[in-house]
Amino acid sequence: MEKSPRRLIVVRHGERCDFTFSQQGISWMKQAFDTNGRYHQFDLNLPRNLPKRKDGFEMFAYDAPLTEMGYLQSKLTGFPFLLLDIDLCTSYLSTCRALRDHDVKIDHVYCSAALRCVQTAVGIIKGMDSRTLRINVEPGLYEWMHWCRNGVPSWMTPEELSRSGYPINNYYMPLLKPNELCADETLNDFYERSFSLVRKILSVHNEGTVLLVAHGPSMDALTRQLCGGAPRTPEDFIYKLQQIPYLACLQVVEQSIDSDNNGSIKSSSSNSGDTSNKSWKFDGSPIPPLTHASNSSFDT
């Protein structure tokens, strides 16, 4: 029986605390922490509690967590994958026909070392109701370093994340270490770093579906060259980035390229170990989009 094609799914992280409150003119760090580092949830959209980190609460300013809505977005994104992976009653499936038809099952999960990405991956796994998936925390999936004016952020270690109750693979060896990220990375460098990394990840998994949870720019950088495109110009890159919402989801599928009797090229799904005749193509999103309105605070 022919195996299903390999799939790569890339998801942007959920709504983050810093951007959400700064857009309302609010410094969430100043209001949420006292001088001793004690945390106070001054808004219902802030996390009820935060993971403990050895580098101090001040580092949340550079490595922001998800909002409560961001975590809910993540679980909502994971839930359709649960529907696609289990046998539900016919009456319920009739309301989720589009989900049922995709037949997607996540086999491997990687995420950027940024806390917002880790928490998004956790939410997706929770939404899938998976008790077996573990997250491979990969610093190489971090966003374009051009935006890191203070250098590489200090991230929580996999051990710290595990102690916080997150399903982390503590045996995973990162393909790129934090000190290997280049502070003066150009846009082309970012595309090349992402392309090289995704090829290394795919080389480890000869079959199944790989989920990468990363950043807005990652949606394009991790897939464009894989599917035969060239890195975007800075202008095109910025324009494209502005169109990518939280929890945006993109899928690419592996294809075998064969010649028919007339010498023309045709594509078919395959999973053999030989990748010399393989290509990847964009295949939209395996799940419906997530759309909601903004909700500002009410000044009484």
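Worth pointing out:
- Members of the stretch 10-53 that are of a type outside the set (S, T, N, Q), over 23 Å from PHE298 (Cα atoms) and exposed (fewer than 13 other Cβ atoms within 10 Å of the Cβ): ASP34, GLY37, ARG38, LYS52
- Looking only at residues of the stretch 145-171 that are among the hydroxyl-bearing types (Ser, Thr, Tyr) and outside any helix (DSSP H, G or I), we find that the one that is farthest from ALA221 (Cα to Cα) is SER164.
- Residues within the stretch 251-300 that are hydroxyl-bearing (Ser, Thr, Tyr), at pLDDT 80 or above and closer than 23 Å to VAL109 by Cβ, tallied: 1
- Against the numbered list (1) within 22 Å of LEU211 (Cβ to Cβ); (2) at pLDDT below 90, CYS111 comes up short only at (2).
- Scope the stretch 208-232; condition touching a Gly at 6+ places or on another chain (Cβ under 9 Å) and β-branched (Val, Ile, Thr); matching residues: THR223
- Residue in the stretch 122-131 that is under 25 Å from ILE9 (Cα atoms), in contact with a strand residue (DSSP E or B) (Cβ under 6 Å, 6 or more places away or on another chain) and not aliphatic (A, V, I, L, M) present: no
- Residues of the stretch 137-153 that are buried (at least 17 other Cβ atoms within 10 Å of the Cβ) and either without any contact (Cβ under 8 Å) to a residue 60 or more places away in the chain or not aliphatic (A, V, I, L, M) (or both): VAL137, GLU138, PRO139, GLY140, TYR142, GLU143, TRP144, MET145, VAL152, PRO153.
- Consider the stretch 186-223 and keep the residues that are of a type in the set (D, E, K, R) and in contact with a helix residue (DSSP H, G or I) (Cβ under 7 Å, 6 or more places away or on another chain). The one that is farthest from GLN73 (Cα to Cα) is ARG193.
A quick yes/no check of all residues on (1) touching a residue at least 60 places away in the same chain (Cβ under 8 Å); (2) not in a helix (DSSP H, G or I):
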| site | (1), (2) |
| --- | --- |
| MET173 | no, yes |
| PHE190 | no, no |
| VAL198 | yes, no |
| GLU207 | yes, yes |
| VAL210 | yes, yes |
| THR223 | yes, yes |
| LYS240 | no, no |
| GLN255 | yes, yes |
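- For the stretch 175-188, the set of residues classified as farther than 8 Å from MET145 by Cβ, in a loop (DSSP other than H, G, I, E, B) and under 19 Å from the mean Cα position of the chain (by Cα) consists of LEU175, LEU176, LYS177, listed by residue number.
- Residue within the stretch 53-62 that is in a loop (DSSP other than H, G, I, E, B), touching a Lys or Arg at 6+ places or on another chain (Cβ under 8 Å) and modelled with pLDDT of 95 or more present: no
- Against the criterion of being among the small types (Gly, Ala, Ser), at negative phi, touching a strand residue (DSSP E or B) at 6+ places or on another chain (Cβ under 9 Å) and assigned to a helix (DSSP H, G or I), SER194 qualifies.
- Looking only at the stretch 29-52, and only at residues there that are outside any loop (DSSP other than H, G, I, E, B) and touching a residue at least 24 places away in the same chain (Cβ under 8 Å), the one that is nearest to LEU290 (Cα to Cα): MET29
The values are calculated or read from the model by the stated rules, or taken from the named source; none is laboratory data. Only a predicted model underlies this, so the values are computations on that prediction, with no experimental measurement involved. Every residue, glycine as well, gets a Cβ built from its backbone with ideal geometry; the counts of neighbours run over all protein chains shown.
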